[in-house]
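All remarks here apply to the structure that follows.
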Amino acid sequence: MTTTDAPNALDLDRLFAARLQAARARPYLATALFALHTVESRQVPTMAVDRHWRCYVSPPFVARTPVEELAGVWVHEVSHLLRDHHGRSDRVARQRGLTGPGERLRMNIAADCEINDDVYGDGLASPKGIVCPSTLHLRPGELMEDYLYQFRLGSRTQDLAWLDCGSGADGLEREWDLGPDGAHGLSAHEQDAVRFRVAQGITGRPGNASKGWKRWAEEAFHPPQAWRDLLGAAVRSAASGPGAGEDYTYGRPSRRSTGLPGVVLPSLRRRPPRVSVVIDTSGSVSDVELGSALREVAAISRAVGGSRDLVTVLACDAATRVVHPLCQAEGIPLLGGGGTDLRTGFAKALRSHPRPDAIVVLTDGQTPWPATQPACRTVIGLFPRDHRRRSWDEDNPDYVPRRPPAWARVVEIG
C-alpha cells in the first residue's frame, strides 16, 4: 500500500513533488529545502517548522492544496529558518519585554510580512489567505523588527488568529515540537553550513534572486558586528591612547634626577582615564534610546577600566544641564526635549577640571558639531533614525544632516 492508499495518510508524493517544484523555481534555496526533515503532524494547521529544521506537515492540508501552492509554502517555511526569525524574535522579546502568545503571533505575522512580499511570483503560486504588508496597509521591503513597530493585533489581524508557522518563525516552542533531543534535527553548525551554501548560491547568480534575498546573502557573508563590542573597543582605544591618562608627578621622582644633584624631576605616571559622556536628550531621541544610553554608560565605565566616579554624564539638548558622576547613574535626570546643539556639551566637558581623556557622545546625529577637533579623543555612538516615521527637519523634509566629523570614531548603535 502506498502512502496515498491509507485513509487520511500524508501524501508524500504530492508533498515532495511540491518541494521539487519549489527547488526548480528557486534553485538557490535547494540546499535549504532538501535539508528540512518532514514530520507528519495532525496538530499543525498547515505546515510549520521548528528551530531545528524539522518541517511539521498536516495531511489534510496537503490533500486539499494544489501542488503549485504547496511549492510556495515550502519556500515560505524554509525562509523563516534561513532568516533566523526564531532567534530574532527571541532577541526582540527580551529587548522590548514582549511576552505571551499574542505577542508571538504578532512576531509571526511580522515575519510573514518580511517574507511574503518577495516570495511569490516567477514560478511560485501565492496560496490563499497569506499575509502581506499590503494586507495590513504597510510598506513592502522592510524587516520583521520594523513591522513590529507599525501594527497591533486588532480588526486588521482578527482573521489571522489561525496563523502558526511554528517555533521556527517566532521562537515559542509548540507542543508538537520534538525538541533539541529529537531525531533528525540539525545542529547549529549544520544550520550555519546550510545558510552559507544558500548565500553562496544567491551571490553566485544574483540575477535570479529578489532584493530581499540579495540583502540577506550579503549579511550572511558579512554579518554586522555587535555594536556594544565596537563601542567598548572604541572607548578603550580612546582612553588608552598616547597621552590619555598620563601626567607628571613628583610622588615618585624620575630616575634622571640622579644625574642632576639638587634637582628633583617629576616622572610620567599613568592614572585611570577620565571619560565625559554627553547624552543627547533632545526631542528627536526617544525614551527607549535614552534608557539604552544610560545602560551603555555603565558598560563604558567597565570598558575603560577606571572607577565609576571617573566617568561623568552630561545631559544635553540645546543647552547642557548639570553634570553628574556615574556613581549616581540610577538617579540621573535626563532633562531636555528641545532642539539639539551638542556643541554646548563638548564645551562644558572640555572646561571641566581635570579635563577628560576621552569624550563619548550618544546621539542621533541631528546636531551641529564643533568646528575644530577637541583636545581629547572623541567617540560618537550614533542612534539610527527612522526616516519613514519622522523627518529630520519638519520645515524641510528633504534635509539630511551631515555625518559626524572625520576626527571622531563613529559606532552605529542599534
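The values are calculated or read from the model by the stated rules, or taken from the named source; none is laboratory data. This structure is a prediction, so every number in the text was calculated from the model and none was measured. Cβ atoms come from the backbone with ideal geometry, glycine included; neighbour counts cover every protein chain shown. To get the accessible areas, we keep the full protein, side chains included, count just its heavy atoms, and leave off ligands, DNA and RNA. Shrake-Rupley method; radii C 1.70, N 1.55, O 1.52, S 1.80 Å.
Filtering Asp118, Asp146 for residues that are under 20 Å from the mean Cα position of the chain (by Cα) and either within 24 Å of Arg195 (Cβ to Cβ) or not charged (D, E, K, R) (or both) leaves a single hit, Asp146.
Determine, yes or no, whether Ser134 is open to solvent by 20 Å² or more (accessible area, probe 1.4 Å) and assigned to a loop (DSSP other than H, G, I, E, B). The answer is no for Ser134. Residues in the range 201-224 that are at pLDDT 80 or above and either open to solvent by 60 Å² or more (accessible area, probe 1.4 Å) or hydrophobic (A, V, I, L, M, F, W, C) (or both): Ile202, Thr203, Ala209, Lys211, Trp213, Lys214, Arg215, Trp216, Ala217, Glu218. Modelled with pLDDT of 90 or more, assigned to a loop (DSSP other than H, G, I, E, B) and open to solvent by 40 Å² or more (accessible area, probe 1.4 Å), is that true of Glu190? No; evaluated as a whole, the condition is false for this residue. Within the range 47-64, the set of residues being open to solvent by 10 Å² or more (accessible area, probe 1.4 Å), in contact with a Ser or Thr (Cβ under 8 Å, 6 or more places away or on another chain) and in contact (Cβ under 8 Å) with a residue 60 or more places away in the chain comprises Arg51 only.
Does the range 72-95 hold any residues that are within 19 Å of Ala209 (Cβ to Cβ) and in contact with a Gly (Cβ under 8 Å, 6 or more places away or on another chain), and which are they?
Step one: filter the range 72-95 for residues within 19 Å of Ala209 (Cβ to Cβ), giving 72, 74-85.
Scanning the range 72-95 gives Glu77, His80, Leu81, His85.
Scanning the range 21-35 for residues that are in contact with a strand residue (DSSP E or B) (Cβ under 9 Å, 6 or more places away or on another chain) and either part of a helix (DSSP H, G or I) or surrounded by fewer than 20 Cβ atoms within 10 Å (Cβ to Cβ) (or both) yields Gln21, Ala22, Ala25.
Among all residues of the range 36-56, there is at least one that is modelled with pLDDT of 95 or more, closer than 19 Å to Ala17 by Cβ and not in a strand (DSSP E or B). Only one of the numbered conditions (1) surrounded by 23 or more Cβ atoms within 10 Å (Cβ to Cβ); (2) assigned to a loop (DSSP other than H, G, I, E, B) is violated by Pro140, and that is (1). Pairs meeting the criteria (first residue in the range 85-107 and within 24 Å of Gln191 (Cβ to Cβ), second residue surrounded by fewer than 15 Cβ atoms within 10 Å (Cβ to Cβ), beta carbons under 8 Å, at least 6 apart or on different chains) are Ala93/Thr99. The residues on offer are Ala125, Ala169, Ala183, and the sole one that is within 21 Å of Thr38 (Cβ to Cβ) and modelled with pLDDT under 90 is Ala125.
Among the residues making up the range 120-145, those that are free of Cβ contacts under 8 Å to residues at least 60 places away in the same chain, out of contact with any Lys or Arg (no Cβ under 8 Å at 6 or more places or on another chain) and not small (Gly, Ala, Ser) are Tyr120, Lys128, Ile130, Val131, Cys132, Leu138, Pro140, Glu142, Leu143.
Scan the range 152-159 and tell me whether some residue there is modelled with pLDDT of 85 or more, among the β-branched types (Val, Ile, Thr) and over 18 Å from the mean Cα position of the chain (by Cα).
Within the range 152-159, the subset modelled with pLDDT of 85 or more is 152-153.
Applying the additional criterion that residues be among the β-branched types (Val, Ile, Thr) yields none.
Scanning the range 152-159 turns up no residue that is modelled with pLDDT of 85 or more, among the β-branched types (Val, Ile, Thr) and over 18 Å from the mean Cα position of the chain (by Cα).
The strands (runs of 3 or more DSSP E) located wholly in the range 310-414 that include 1 or more residues which are modelled with pLDDT under 80 and open to solvent by 50 Å² or more (accessible area, probe 1.4 Å) occupy 320-325.
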